[in-house]
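Undergrad: Just dropping this structure here.
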Amino acid sequence: MKVIVTGGSRGIGLAIVNAFKAAGHEVDSLSRTEGVNLLDMNDWSEVDFDCDILVNNVATQYTEPADEYAHLMDDLDWVGIAMSLSQAAYPYMKSRGWGRIINISSVAAVCGGRYVIGYGMAKAALNRLTKGLAVEWAKDGITINAIMPGITVTDMTKGLQDDPAHLEQMLGRIPAGRLGTPEDTAALALFLASDAASYINGACIPVDGGWLAR
């Protein structure tokens with residue numbers, strides 16, 4: 001099957017690319033590293049959206065106090081891109097009566113966090129997009145689900161990883177006692193893309209070591 005993964009050059013996106021390749025899928029990664037700027041619609045003309053599985057992973061995170069935050073529209077751009085890419089892939093999936101769209105959200109969508117207000121709002125919007133598309137497109141054999149990683153070992157969390165006191169505090173809140181890995185999220189993405197997950201639709205599933213269960 002053909003898979004498209006956005007933001008697949010590093011972190012969670014790269015782990016997802018590797019997992020699908022290892023499972024024998026044909027994978028295209030869309031990111032600036034691969035020469036596709038998703039914020040530039042002109043770049044989209046070079047992309048073949050005829051795919052079976054779409055993983056909307058790309059996002060950015062600006063870390064600023066709420067009273068100074070000025071990047072909300074930038075954050076929401078990525079939600080719009082997820083919507084547009086889903087629309088682009090939809091006709092192909094519909095024609096086959098089968099498709100999988102997986103949105104990479106975050107636990108920040110459902111719980112507050114300091115200095116990430118825009119990121120959390122955008123991920124909450126992505127969860128709502130997931131549910132809306134799931135309801136509309138289920139009749140076409142397409143499932144749409146979201147994965148909500150907790151704190152994961154990526155470049156985005158390097159500041160936390162390099163701060164022993166803060167890291168110890170965060171680990172104390174995670175029942176599993178460790179940070180997540182990109183492979184933890186990739187494993188769930190691979191499952192949600194399989195026939196075994198055909199009755200899972202519109203779900204926003206945490207991969208957080210029990211963070212939200214506290």
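Undergrad: Where residues in region 66-97 are touching a strand residue (DSSP E or B) at 6+ places or on another chain (Cβ under 8 Å) and not aliphatic (A, V, I, L, M), which of them is nearest to D52 (Cα to Cα)?
TA: Within region 66-97, the first condition is being touching a strand residue (DSSP E or B) at 6+ places or on another chain (Cβ under 8 Å), and the residues that meet it are 81-82, 85-86, 89-90, 92-94.
Then drop every residue that is not not aliphatic (A, V, I, L, M), which leaves 86, 90, 92, 94.
Details: S86: 11, Y90: 9, Y92: 8, K94: 10 Å.
Selected residue: Y92.
Undergrad: Of everything in region 32-46 that's surrounded by 15 or more Cβ atoms within 10 Å (Cβ to Cβ) and in contact (Cβ under 8 Å) with a residue 24 or more places away in the chain, which residue is farthest from the chain's Cα centre (by Cα)? Give the derivation first.
TA: Step one: of region 32-46, the residues surrounded by 15 or more Cβ atoms within 10 Å (Cβ to Cβ) are 36, 38, 44.
Cutting the leftovers down to in contact (Cβ under 8 Å) with a residue 24 or more places away in the chain gives us 38, 44.
Numbers: L38: 15, W44: 19 Å.
Selected residue: W44.
Undergrad: Could you please let me know if A197 is surrounded by fewer than 20 Cβ atoms within 10 Å (Cβ to Cβ), in contact with a strand residue (DSSP E or B) (Cβ under 9 Å, 6 or more places away or on another chain) and more than 16 Å from V107 (Cα to Cα)? Spell out the reasoning first.
TA: Details: surrounded by fewer than 20 Cβ atoms within 10 Å (Cβ to Cβ): yes; in contact with a strand residue (DSSP E or B) (Cβ under 9 Å, 6 or more places away or on another chain): yes; more than 16 Å from V107 (Cα to Cα): yes.
Considered against the rule, which asks whether it is surrounded by fewer than 20 Cβ atoms within 10 Å (Cβ to Cβ), in contact with a strand residue (DSSP E or B) (Cβ under 9 Å, 6 or more places away or on another chain) and more than 16 Å from V107 (Cα to Cα), A197 comes out as yes.
Undergrad: Quick check on this structure: which one of G177, G202, G209 is small (G, A, S), assigned to a loop (DSSP other than H, G, I, E, B), farther than 25 Å from V5 by Cβ and touching a residue at least 24 places away in the same chain (Cβ under 8 Å)? If you could, list the steps in order and put the result at the bottom.
TA: Details: G202 fails: farther than 25 Å from V5 by Cβ; G209 fails: farther than 25 Å from V5 by Cβ.
Checking each option against the conditions leaves just G177.
Undergrad: When you check N127 against the structure, is it closer than 22 Å to L160 by Cβ and of a type in the set (S, T, N, Q), yes or no?
TA: Details: closer than 22 Å to L160 by Cβ: no; of a type in the set (S, T, N, Q): yes.
Answer is no for this residue.
Undergrad: Any chance you could count how many residues in region 69-119 are buried (at least 19 other Cβ atoms within 10 Å of the Cβ), more than 20 Å from D208 (Cβ to Cβ) and not aromatic (F, W, Y)? Give the derivation first.
TA: Restricting attention to region 69-119, the residues satisfying the condition of being buried (at least 19 other Cβ atoms within 10 Å of the Cβ) are 75, 78-79, 81-82, 85-86, 89-90, 93, 99-109, 116-119.
Add one more test, that the residue is more than 20 Å from D208 (Cβ to Cβ), and what stays is 75, 78-79, 81-82, 85-86, 89-90, 93, 99-101, 118.
From the residues that got through so far, the ones that are not aromatic (F, W, Y) too are 75, 79, 81-82, 85-86, 89, 93, 99-101, 118.
Selection size over region 69-119: 12.
Undergrad: Something else now. Among what's in region 132-146 and is in contact (Cβ under 8 Å) with a residue 60 or more places away in the chain and surrounded by 17 or more Cβ atoms within 10 Å (Cβ to Cβ), pick the residue that is farthest from S95 (Cα to Cα).
TA: The initial filter retains those residues of region 132-146 that are in contact (Cβ under 8 Å) with a residue 60 or more places away in the chain, namely 134-135, 138, 145.
From what's left, surrounded by 17 or more Cβ atoms within 10 Å (Cβ to Cβ): 134, 145.
Numbers: A134: 17, N145: 20 Å.
Going through the qualifying residues, I end up with N145.
Undergrad: Right, something else. Looking only at region 1-56, which residues are under 18 Å from L192 (Cα atoms), in a loop (DSSP other than H, G, I, E, B) and hydrophobic (A, V, I, L, M, F, W, C)?
TA: Matches in region 1-56: M1, A23, C51.
A short reminder: the numbers here are calculations on the coordinates, not readings from a lab. Since the model is a prediction, treat every value here as computed from it, not as a measurement. Virtual Cβ from ideal backbone geometry, glycine too; neighbours counted across all protein chains shown.
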